[in-house]
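Novice: Following this message is one structure expressed as structure tokens.
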Amino acid sequence: MSDLANRLRTIFSAHAAADAGQIDFSDLAEDSDLLKPAAVLVPIIDAPRPRLLLTVRNAGLRAHAGQVAFPGGRIDPEDDGPIGGALREAREEIALPSELVDVVATARPYATGSGYLITPVIGVIPDGLALTPHEIEVARVFEVPLDHLVEEANHVPRTAIYNDIERRFFEITWPDERIWGVTAALIVRLASRFREAIEQRP
């Protein structure tokens with residue numbers, strides 16, 4: 001178990017009681033009873049300067065084509081809850097071996113306007129893994145330093161019209177990548193805890 005994983009586990013454990021039973025609702029989602037359960041893996045690479053692993057969805061997909069995303073998707077009945085679903089999706093999408101993921105916590109679920117209730121699963125993975133994107137779903141993977149993602153100055157607020165409704169969202173860039181929508185929202189919501197872990201480095 002790495003020092004980074006220990007710090008993250010302690011930080012998320014301290015907030016677990018406040019998160020229990022709570023849901024973060026997006027601007028467009030209002031009723032959790034109608035949402036489909038999903039999970040994403042938030043893979044943090046254990047390195048002297050920790051990095052976050054992200055994917056770019058295949059441009060030919062029907063939904064969210066070409067967007068930056070975490071590995072993840074719907075939770076199947078045979079999955080062992082959000083953790084099992086997130087680990088399975090990471091295996092399928094980028095060939096990330098589940099046994100190499102040190103799962104430290106699950107975070108407060110996030111309700112999306114597209115009808116999903118997404119549980120973020122925080123995991124620490126070793127540096128230098130050779131990952132293979134499943135080309136039907138994932139065009140490529142890339143990494144962003146965690147300290148860049150948690151910097152509030154990099155959380156740029158944007159607005160757009162969606163179904164005649166003004167929608168507010170965050171955008172984070174690095175350096176030619178555009179992270180926005182649900183992925184950016186999850187990063188912003190987790191940023192304070194990740195920042196705390198970074199600041200506690202020996």
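Novice: Condition first: out of contact with any helix residue (DSSP H, G or I) (no Cβ under 8 Å at 6 or more places or on another chain) and surrounded by 12 or more Cβ atoms within 10 Å (Cβ to Cβ). Now tell me which residues in the stretch 3-24 satisfy that.
Specialist: Kept after step one, since they are out of contact with any helix residue (DSSP H, G or I) (no Cβ under 8 Å at 6 or more places or on another chain), are these residues of the stretch 3-24: 3, 5-6, 9-10, 13-14, 16-22.
Scanning the stretch 3-24 gives D3, A5, N6, R9, T10, A16, D19.
Novice: Take the stretch 127-139 and flag every residue that is touching a residue at least 40 places away in the same chain (Cβ under 8 Å) and among the β-branched types (V, I, T).
Specialist: Once the filter is applied, which keeps residues that are touching a residue at least 40 places away in the same chain (Cβ under 8 Å) and among the β-branched types (V, I, T), the stretch 127-139 yields I136, V138.
Novice: Return a yes/no flag: does the stretch 154-171 have any residue that is of a type in the set (G, A, S) and either touching a Cys at 6+ places or on another chain (Cβ under 8 Å) or farther than 29 Å from A17 by Cα (or both).
Specialist: Looking only at the stretch 154-171, we keep the residues that are of a type in the set (G, A, S), and these are 160.
Filter once more, so that each one left must be either touching a Cys at 6+ places or on another chain (Cβ under 8 Å) or farther than 29 Å from A17 by Cα (or both): 160.
Yes, because at least one residue in the stretch 154-171 is of a type in the set (G, A, S) and either touching a Cys at 6+ places or on another chain (Cβ under 8 Å) or farther than 29 Å from A17 by Cα (or both).
Novice: Is there a residue being surrounded by 15 or more Cβ atoms within 10 Å (Cβ to Cβ) and free of Cβ contacts under 8 Å to residues at least 24 places away in the same chain anywhere in the stretch 140-156?
Specialist: Yes, there is a match, as at least one residue in the stretch 140-156 is surrounded by 15 or more Cβ atoms within 10 Å (Cβ to Cβ) and free of Cβ contacts under 8 Å to residues at least 24 places away in the same chain.
Novice: Here's another thing I want to ask about it. Is there a residue in the stretch 53-71 that is over 16 Å from A185 (Cβ atoms), in contact with a Leu (Cβ under 9 Å, 6 or more places away or on another chain) and of a type in the set (V, I, T)? Show your work before the answer.
Specialist: Our first condition is that a residue be over 16 Å from A185 (Cβ atoms); within the stretch 53-71, this holds for 53, 55-63, 65-66, 71.
Keeping just the survivors that are in contact with a Leu (Cβ under 9 Å, 6 or more places away or on another chain) gives 53, 71.
Filter once more, so that each one left must be of a type in the set (V, I, T): none.
Scanning the stretch 53-71 turns up no residue that is over 16 Å from A185 (Cβ atoms), in contact with a Leu (Cβ under 9 Å, 6 or more places away or on another chain) and of a type in the set (V, I, T).
Novice: Let me ask something else. What number goes with the only condition from (1) assigned to a helix (DSSP H, G or I); (2) more than 17 Å from V141 (Cα to Cα) that P48 does not pass?
Specialist: (1)
Novice: Going by what's in this entry, would V103 be described as in contact (Cβ under 8 Å) with a residue 60 or more places away in the chain, surrounded by 15 or more Cβ atoms within 10 Å (Cβ to Cβ) and not in a helix (DSSP H, G or I)?
Specialist: no
Novice: Evaluate the following for R88: is it part of a helix (DSSP H, G or I) and of a type outside the set (A, V, I, L, M)? It would help to see each step written out before you state the result.
Specialist: Working: part of a helix (DSSP H, G or I): yes; of a type outside the set (A, V, I, L, M): yes.
Yes: the conditions hold for R88.
Novice: Please pick out the residue among V188, V144, V156 that is closer than 16 Å to P43 by Cβ, touching an Asp or Glu at 6+ places or on another chain (Cβ under 9 Å) and among the hydrophobic types (A, V, I, L, M, F, W, C).
Specialist: On the way: V188 fails: closer than 16 Å to P43 by Cβ; V156 fails: closer than 16 Å to P43 by Cβ.
Exactly one of V188, V144, V156 is closer than 16 Å to P43 by Cβ, touching an Asp or Glu at 6+ places or on another chain (Cβ under 9 Å) and among the hydrophobic types (A, V, I, L, M, F, W, C), namely V144.
Novice: Is it the case that I172 is in a strand (DSSP E or B) and either surrounded by 19 or more Cβ atoms within 10 Å (Cβ to Cβ) or touching a residue at least 60 places away in the same chain (Cβ under 8 Å) (or both)?
Specialist: Working: in a strand (DSSP E or B): yes; either surrounded by 19 or more Cβ atoms within 10 Å (Cβ to Cβ) or touching a residue at least 60 places away in the same chain (Cβ under 8 Å) (or both): yes.
Yes, satisfied.
Novice: Collect the residues in the stretch 107-133 that are surrounded by fewer than 20 Cβ atoms within 10 Å (Cβ to Cβ) and not in a loop (DSSP other than H, G, I, E, B), keeping them in residue-number order.
Specialist: Within the stretch 107-133, just P126 meets the criteria.
Novice: Return yes when H148 is within 19 Å of L8 (Cα to Cα) and in contact with a Phe, Trp or Tyr (Cβ under 9 Å, 6 or more places away or on another chain) and no when it is not.
Specialist: Numbers: within 19 Å of L8 (Cα to Cα): yes; in contact with a Phe, Trp or Tyr (Cβ under 9 Å, 6 or more places away or on another chain): yes.
Criteria met by H148.
No lab work stands behind these numbers, since they all come straight from the coordinates. Nothing here was measured: the structure is a model prediction, and the numbers come from that model. Cβ atoms come from the backbone with ideal geometry, glycine included; neighbour counts cover every protein chain shown.
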